[in-house]
Amino acid sequence: MIEERFDAIVVGAGMAGNAAALTMAKHGMKVLQLERGEYSGSKNVQGAILYADMLQKLVPDFRDHAPLERHLVEQRFWIMDDRSHVGLHYRSEDFNEELPNRYTVIRAQFDKWLSSKVREAGATVLCETTVTELVENGFGKIIGVRTDRRDGEIGADVVVLAEGVNGLLGTRAKLRERPKPNKVALAVKEMHFLPRETIEARFNLRGDEGVVIEAAGTISRGMTGMGFVYANKECISLGIGCLVADFQRTAEAPYRLLDRFKRHPSLAPLIDGSEVKEYSAHLIPEGGYKEIPRLYGDGWVVVGDAAQLNNAIHREGSNLAMTSGRIAAEAICQLKSRGVPMTAKYLALYKKTLDRSFVIKDLKKYKDMPRLMHTNSQNFFLTYPQLVSKAMQNYVRVDGTPKAEKEKLTMRSFVNARSWTGLLGDAFRIARAWR
Amino acid sequence: MNAESSVRVEEKLFYNRYLVDVGHPHIKVRAHMKPSPQLLALLKACPARCYELNDKGQVEVTVDGCMECGTCRIIGEPSGDIEWSYPRGGYGVLFKFG
Ligand SMILES: Cc1cc2nc3c(=O)[nH]c(=O)nc-3n(C[C@H](O)[C@H](O)[C@H](O)COP(=O)(O)OP(=O)(O)OC[C@H]3O[C@@H](n4cnc5c(N)ncnc54)[C@H](O)[C@@H]3O)c2cc1C
Ligand code: SF4
């Protein structure tokens, strides 16, 4: 029996769900949002870089009240072996602009704030409520949900599935498959607190300037993975993620990997003396374009991580989540105002619009990257980082060996490790997948 | 697994806040005599070390420190080795920072 009806039910109050609920509520729709956590954000984990452009489309004046940490002026990429790193640092005064482009945020706090905007816009937000099942009308149309809170069903014209990477409901309702171990990464992360001045001195920052480090190499022990270090105002967020299939294959314990990363001589001084206040773990979709499931059907759409909309190459996810949530919501509002039913035929508008956005265009561009990285993880995450480190050491160490001989040695170490065909093949494969 | 690493992850979990739903574990391991390769993988892959071997050599789960990441579901659900749900609303891990 349907007790109560809404124009739309949004499952989940993460980035995608909040974007969708906010957009629909602003258009005057009767929206119910259900979140299993104590509050929006209490189950969510992110690095976290926030991309201003996508948030601005939802909350134009967000800079005046959102809990932002630091605006990013510097990006560091590190290729690491066990004792060294080779780095590429990009820092620009251009990023000290009036409306900065990227910020670090603390997800639990950020989500709580965005959720307050959703409520202000008029949506009903019910936390501490796990949706246990989607309700179907017997003809394949989703007409509502069941929760663990109350008996009976809650009905809606359309259900927006913003349930995150695990996507339990969609899998149970056979709308899409469970993510496979080689298409999702497990990331573990810690929050390290230090006095503000210490962080600014160690990272060479003034005021609210921020920096992020992204690192790959032997830290992932030959698995497909990456480490990250993000500077917040009074804490440093650091972690490491690798494919679940690789954890399964290697039997490396995630927390040991994290500990090794923290103890790396390039990293340890940055967090020396810090107080750890949280340890968290979360999955990240890594399959890219080829893993995107069906995005809509009769009475439902799926947005954000649940739809595997994550650009692993650029470490972008929250912006794809916000954008897909907003686009789906705008499509729904349009159908509602046209007075047409929320069926697959009409909800196709969501996918059509999404296909034209950066979300699908970027994922399409890198469609071959995930496979390339996963099938060559030993080379890309172990062999090459070691070779690069050796080459750099050979280059900078002054020991009386003639330079020409040094170059020959470096070249030989690459060819010995990967052979000419291997090297050229790797270069070719990367160029093609990047194109 | 040596003693050193087991101490470490438990210490980590002390930083976190949990509201444990006593008597309603959200993950169950199917009864077995000999653990499957998937179940054995969970001993290492779970970031909270929720899975352990009992003295009969079977894999058991204690969900108190679970961070609800879903890794064990991805590995162990397809073979039917485990049953995985979210905790009831409001229960489980409560991230302050995330
Ligand atoms: C370690 C890490 C670092 C990252 N770094 C970045 C970064 O720097 N920049 C970036 O852009 N992206 C980053 N990402 C990716 C980004 O976090 C995700 O893409 C984004 O959070 C996806 O948003 P979402 O709303 O789809 O899912 P989520 O944010 O996961 O939200 C899903 C919500 O649904 C709720 N929910 C799920 N099932 C139910 C149910 N049955 N009933 C009720 N509620 C339910 C959950 O509690 C949760 O609140 C990172 C991810 C990780 C794990
Ligand atoms: S969900 Fe994650 S933390 Fe919880 S038991 Fe499974 S693997 Fe461990």
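Side notes on the structure shown:
- Taking the conditions (1) surrounded by fewer than 21 Cβ atoms within 10 Å (Cβ to Cβ); (2) in contact (Cβ under 8 Å) with a residue 60 or more places away in the chain in turn, A:R196 satisfies each one other than (2).
- Filtered residues of the range A:1-56 (kept if open to solvent by less than 20 Å² (accessible area, probe 1.4 Å) and on the phi > 0 side of the Ramachandran plot): A:G12, A:G41
- Scanning the range B:26-52 for residues that are under 10 Å from the mean Cα position of the chain (by Cα) and open to solvent by 80 Å² or more (accessible area, probe 1.4 Å), we see that the one that is farthest from the other protein chains (Cβ to nearest Cβ) is B:K28.
- Candidates A:G28, A:G14, A:G87, A:G41: the one that is within 22 Å of A:N232 (Cβ to Cβ) and either within 16 Å of ligand 2 (Cβ to nearest atom) or assigned by TED's automatic domain parsing to the domain that holds A:A329 (or both) is A:G14.
- Qualifying residue in the range A:295-318 (condition: in contact (Cβ under 8 Å) with a residue 40 or more places away in the chain and within 16 Å of ligand 2 (Cβ to nearest atom)): yes
- Odd one out for A:V59 among (1) more than 14 Å from chain B (Cβ to nearest Cβ); (2) within 15 Å of ligand 1 (Cβ to nearest atom); (3) open to solvent by less than 20 Å² (accessible area, probe 1.4 Å): (2)
- Residue in the range B:75-91 that is in contact with a strand residue (DSSP E or B) (Cβ under 6 Å, 6 or more places away or on another chain), among the hydrophobic types (A, V, I, L, M, F, W, C) and at the interface with chain A (Cβ under 7 Å from one of its Cβ atoms) present: no
- For B:V9: the one exception among (1) farther than 21 Å from A:K183 by Cβ; (2) out of contact with any Lys or Arg (no Cβ under 6 Å at 6 or more places or on another chain); (3) within 12 Å of chain A (Cβ to nearest Cβ); (4) aliphatic (A, V, I, L, M): (2)
- Residues that are aromatic (F, W, Y) and surrounded by fewer than 21 Cβ atoms within 10 Å (Cβ to Cβ), drawn from the range A:256-295: A:Y289
- Among the numbered conditions (1) more than 12 Å from chain B (Cβ to nearest Cβ); (2) touching a residue at least 24 places away in the same chain (Cβ under 8 Å), the only one that A:G138 does not meet is (2).
- Contact annotation: residue pairs with Cβ atoms under 6 Å, 6 or more positions apart or on different chains, pairing a residue in the range A:212-234 that is without any contact (Cβ under 8 Å) to a residue 60 or more places away in the chain and among the β-branched types (V, I, T) with a partner that is in a strand (DSSP E or B) and away from ligand 2 (no atom under 16 Å from the Cβ), are A:V229/A:I213; A:V229/A:L238.
- Which listed residue, of A:I154, A:I79, A:I143, is open to solvent by less than 10 Å² (accessible area, probe 1.4 Å) and among the hydrophobic types (A, V, I, L, M, F, W, C): A:I154
- Residue check for B:G65: surrounded by fewer than 22 Cβ atoms within 10 Å (Cβ to Cβ), at pLDDT 95 or above and within 12 Å of chain A (Cβ to nearest Cβ): yes
- Considering residues of the range A:317-345 that are farther than 15 Å from A:A20 by Cα and part of a helix (DSSP H, G or I) only, the residue most open to solvent (accessible area, probe 1.4 Å): A:K345
The values are calculated or read from the model by the stated rules, or taken from the named source; none is laboratory data. None of these values were measured; they are calculated from a predicted model. Using ideal geometry, Cβ is built from the backbone for each residue, glycine included, and neighbour counts are taken over all protein chains shown. The accessibility values were calculated without ligands, DNA or RNA, using every heavy atom of the protein model including side chains. Shrake-Rupley method; radii C 1.70, N 1.55, O 1.52, S 1.80 Å.
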